[in-house]
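Asker: The structure is given below, and queries will be raised subsequently.
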């Protein structure tokens, strides 16, 4: 008997010890796993692109880079891309600010409609605007024929207009978010003290908004130079980096030159990302007075209101007309040529299948993304290990990386064993997970900062182990962040094109890719119909998700767009 | 707590329901480069004939070639059903195809079936000039009778043609011009033509739609969709200039390492039947087994003399020259 006891004792001890070890180190283990995931699915693909761009058939070489800078074509492409990025960012920020100012400070009657209009493009693929511009202003477009407009749509200006319309909502959303959280009392006091509206905006609103504007600018810039749908459809022979990269990889299997273009594309993004991080440190404003209170709308002086309204209405009208055109095109045979009403585009079976696939991929991505995002936020805020800020930086960097580069990186990194993912659904979901991770992580971090660590400490003091505390205290408190990450990932994944276009395999076509192909190909009817179906489905999904979360009593205020 | 449980259950039910919703009896994944509509026709034909479901996404010939090259030897598909001659010959050479002595392809000429049975040419297609009838009337233009007429400055920025890097149709055009005028003169012709081209499209059928919608006046395009678009009511006219046109095949072959070998073989067999030739001819293709052609009728086409095998070997060189000539300065 005694013998048996001594045999059992160390064993239970061991189990106990492992248990204790896990319990004590769980957060570090978690951190290690998460870091490994980030390294494999975010850093490694980018590294693969970098390597490919300097590796020729005979060892390492810089010849591809030399070619890039010698050939006027490529340099022109870089110049166009950057110009496009800057123009777009500036315009989007101005329009976004005007709209956000009106919806948060302007007349009450205007707030709701403006908000809905400016959110509309968010649920549609960005190249919807290329389609509607062709319908309206193409060489045989409705407006062209009606008014004899001599605007050459195919080229730089066409791309700028389409991209601007597509990314206004992004700028709007982020600026509006910050504007809402600003305490209007500050502005009101200034107003009461007799400052003019212009002066208030210049000296109070904009400086306080700076972090939000900066971030919106960064995001719009990166999205503009990486999103190639509009440029590929409307660019004609004007070269841009993203569509050229796409053409080189997909059309020519010229991976070396494609990688060089990717690296060139990524450099401005990284510079801006670091600039943004650097400028934000020590610039975190807290407006005094805690929670913002809903204030009576102040009367805005016509001097400000009229230009703001003018800008907002022009943009709003353009967005509405674009959607109307696409809606009309999806129900007519060939809009503008043969306006017979047909349902063939809507009933196109292939595009329905593609939409189903898109929903699948987006659900998977949203679930994984929300889980990883929540865990990452927890590790970043509560962990006490070396390299915490490094993990934070990497997990937030995803949105500063152009989708095309990630797509090519995944193609290069995961086509061969040991990690062979191409040809499956996971590779489509995973690249979106890691690109759109930032939102979930940020939502989680800000949520956790609101929760006092004492609650968790109390729980463990009362004898609960780490798992119990995490499950019973942390998870419920973080649920809104989880939902925010879920919804954001879902919505962005379902309309995103720039990365997945490199990764789709036969039999698993995605709606976004189908629309792009149809639009490039000239099948405006199918492209429009698929877009419309996608928009409707995204709206339905949003309503269901909202309903579920409301029903189950979770307050969610999804901080979309960040 | 209860609410959350309900939420979890709901979400997981939704999830499994959506994930379970696929699953065909027997499927093959293929790379397929006909026009999107004709892809679907072939898929439906194979499904009706053999019960095998083909899963495909539309890609241009050049894109399929790029994909196969980048994936080799780990292919993400089971076979190719519709690619250009360069990839077919390259695959035979590199053993990216497995030979199959299909009984259905007995007695078919070596233009359509590889003597060693590595590849099978489903049918030939060709390229034509298309113009927009309405716009021509407006301007008083007629379709050019000779390829050289395309160089007339009146067409400046009004012609669209596909890009030979990504499109098999354009690869065939390029080779045809080189074969017609000789290498040196051929390149000179294309450089002169380039001045009138608005832009090069990704796929070989795109010019048909662009011209049909009146975006551009004239297109050099694959014949594949021309008849269909005319039937649909697009104001299109087409012609082949007097010097003749070129052709290329739409090739099928099986990738080594496929797990669906039997199904792939059945698909190849289906392509060898008279019914398949009949269907393809109705779409305007020139088929392995003779069948009445819907687009060209009894007219036998005038072809420029081509050697597809030789052209396939020269494709990389010509691609480099093309990039060198047309991708140096932005227009």
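The values are calculated or read from the model by the stated rules, or taken from the named source; none is laboratory data. A quick note: this is a predicted structure, and the numbers were derived from the prediction, not measured. Here the Cβ is made from the backbone with ideal geometry for all residues, glycine too, and neighbour counts use every protein chain on show.
Asker: Would you check which residues across the stretch B:28-54 are at pLDDT 85 or above, surrounded by fewer than 24 Cβ atoms within 10 Å (Cβ to Cβ) and either facing chain A (nearest Cβ under 10 Å) or part of a strand (DSSP E or B) (or both) and list them?
Answerer: Across the stretch B:28-54, the qualifying residues are B:29, B:39, B:40, B:43, B:53.
Asker: Scan B:138, B:185 and give me the residue that is within 12 Å of another protein chain (Cβ to nearest Cβ), without any contact (Cβ under 8 Å) to a residue 40 or more places away in the chain and more than 24 Å from the chain's Cα centre (by Cα).
Answerer: The match here is B:138.
Asker: Out of the stretch A:175-197, which residues are over 17 Å from residue A:96 (Cα atoms) and outside any loop (DSSP other than H, G, I, E, B)?
Answerer: Matches in the stretch A:175-197: A:184, A:185, A:186, A:187, A:188, A:189, A:190, A:191, A:192, A:197.
Asker: Can you tell me which residue in the stretch B:194-210 is surrounded by the fewest Cβ atoms within 10 Å (Cβ to Cβ), limited to those that are assigned to a strand (DSSP E or B) and facing another protein chain (nearest Cβ under 7 Å)?
Answerer: Selected residue: B:199.
Asker: For the stretch A:250-282, give me the residue count where each residue is farther than 22 Å from residue A:398 by Cα and in contact with a helix residue (DSSP H, G or I) (Cβ under 9 Å, 6 or more places away or on another chain).
Answerer: Step one: list which residues in the stretch A:250-282 are farther than 22 Å from residue A:398 by Cα, which gives A:250-257, A:282.
After this cut, where a residue has to be in contact with a helix residue (DSSP H, G or I) (Cβ under 9 Å, 6 or more places away or on another chain) as well, the list is A:250-257.
Of the residues in that region, 8 qualify.
Asker: Additional query: Tell me, please, whether a residue that is surrounded by fewer than 16 Cβ atoms within 10 Å (Cβ to Cβ), part of a loop (DSSP other than H, G, I, E, B) and away from chain A (no Cβ under 14 Å) can be found in the stretch B:268-277.
Answerer: No, there is no match, as no residue in the stretch B:268-277 is surrounded by fewer than 16 Cβ atoms within 10 Å (Cβ to Cβ), part of a loop (DSSP other than H, G, I, E, B) and away from chain A (no Cβ under 14 Å).
Asker: Identify all residues within the stretch B:77-112 that are surrounded by fewer than 24 Cβ atoms within 10 Å (Cβ to Cβ) and under 21 Å from residue B:38 (Cα atoms); write none if there are none. Even if it seems obvious, please write down each step before you answer.
Answerer: We begin by selecting, within the stretch B:77-112, every residue surrounded by fewer than 24 Cβ atoms within 10 Å (Cβ to Cβ); these are B:89-90, B:92-96, B:98-112.
Within the stretch B:77-112, just B:112 meets the criteria.
Asker: A further question on this structure: Kindly indicate whether residue A:501 is at pLDDT 85 or above, in contact with a strand residue (DSSP E or B) (Cβ under 8 Å, 6 or more places away or on another chain) and in a helix (DSSP H, G or I).
Answerer: Spelling it out, it is not the case that residue A:501 is at pLDDT 85 or above, in contact with a strand residue (DSSP E or B) (Cβ under 8 Å, 6 or more places away or on another chain) and in a helix (DSSP H, G or I).
Residues checked against (1) within 14 Å of chain B (Cβ to nearest Cβ); (2) surrounded by fewer than 22 Cβ atoms within 10 Å (Cβ to Cβ):
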| site | (1), (2) |
| --- | --- |
| A:356 | yes, yes |
| A:368 | yes, yes |
| A:371 | yes, yes |
| A:374 | no, no |
| A:377 | no, no |
| A:389 | no, yes |
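Asker: Also, quick follow-up: Report whether or not residue B:66 is in contact with a strand residue (DSSP E or B) (Cβ under 6 Å, 6 or more places away or on another chain) and not in a strand (DSSP E or B).
Answerer: Answer is no for this residue.
Asker: For the list (1) touching a residue at least 60 places away in the same chain (Cβ under 8 Å); (2) in contact with a helix residue (DSSP H, G or I) (Cβ under 9 Å, 6 or more places away or on another chain); (3) in the same structural domain as residue B:310 (by TED's automatic domain parsing), I need the number of the one condition that residue B:232 fails.
Answerer: (1)
Asker: Looking at B:191, B:232, which is the one that is surrounded by fewer than 18 Cβ atoms within 10 Å (Cβ to Cβ) and within 14 Å of another protein chain (Cβ to nearest Cβ)? Step through it out loud before you land on a result.
Answerer: Values: B:191 fails: within 14 Å of another protein chain (Cβ to nearest Cβ).
Being surrounded by fewer than 18 Cβ atoms within 10 Å (Cβ to Cβ) and within 14 Å of another protein chain (Cβ to nearest Cβ) holds for just one of B:191, B:232, which is B:232.
Asker: In this structure, is residue B:250 in contact (Cβ under 8 Å) with a residue 60 or more places away in the chain, closer than 20 Å to residue B:64 by Cα, under 20 Å from the mean Cα position of the chain (by Cα) and more than 14 Å from every other protein chain (Cβ to nearest Cβ)?
Answerer: Against the criterion (in contact (Cβ under 8 Å) with a residue 60 or more places away in the chain, closer than 20 Å to residue B:64 by Cα, under 20 Å from the mean Cα position of the chain (by Cα) and more than 14 Å from every other protein chain (Cβ to nearest Cβ)), residue B:250 qualifies.
Asker: Taking the conditions exactly as written (free of Cβ contacts under 8 Å to residues at least 24 places away in the same chain and surrounded by fewer than 21 Cβ atoms within 10 Å (Cβ to Cβ)), does residue A:75 satisfy them or not?
Answerer: yes
Asker: Can you tell me how many residues within the stretch B:141-176 are away from chain A (no Cβ under 14 Å) and without any contact (Cβ under 8 Å) to a residue 60 or more places away in the chain?
Answerer: Adding up the residues that qualify gives 6.
Asker: Shifting gears a bit: Name the residue, out of A:168, A:117, that is within 20 Å of the chain's Cα centre (by Cα) and surrounded by fewer than 24 Cβ atoms within 10 Å (Cβ to Cβ).
Answerer: A:117
Asker: Restricting the stretch A:412-461 to residues that are outside any helix (DSSP H, G or I) and within 30 Å of residue A:20 (Cβ to Cβ), which is nearest to the other protein chains (Cβ to nearest Cβ)? I'd like the intermediate steps shown before the answer.
Answerer: Of the stretch A:412-461, the ones outside any helix (DSSP H, G or I) are A:414-425, A:436, A:451-452.
After this cut, where a residue has to be within 30 Å of residue A:20 (Cβ to Cβ) as well, the list is A:451-452.
Values: A:451: 18, A:452: 22 Å.
The selected residue is A:451.
Asker: Which is surrounded by 15 or more Cβ atoms within 10 Å (Cβ to Cβ) and either without any contact (Cβ under 8 Å) to a residue 60 or more places away in the chain or farther than 30 Å from residue A:536 by Cβ (or both), of A:83, A:89?
Answerer: A:89
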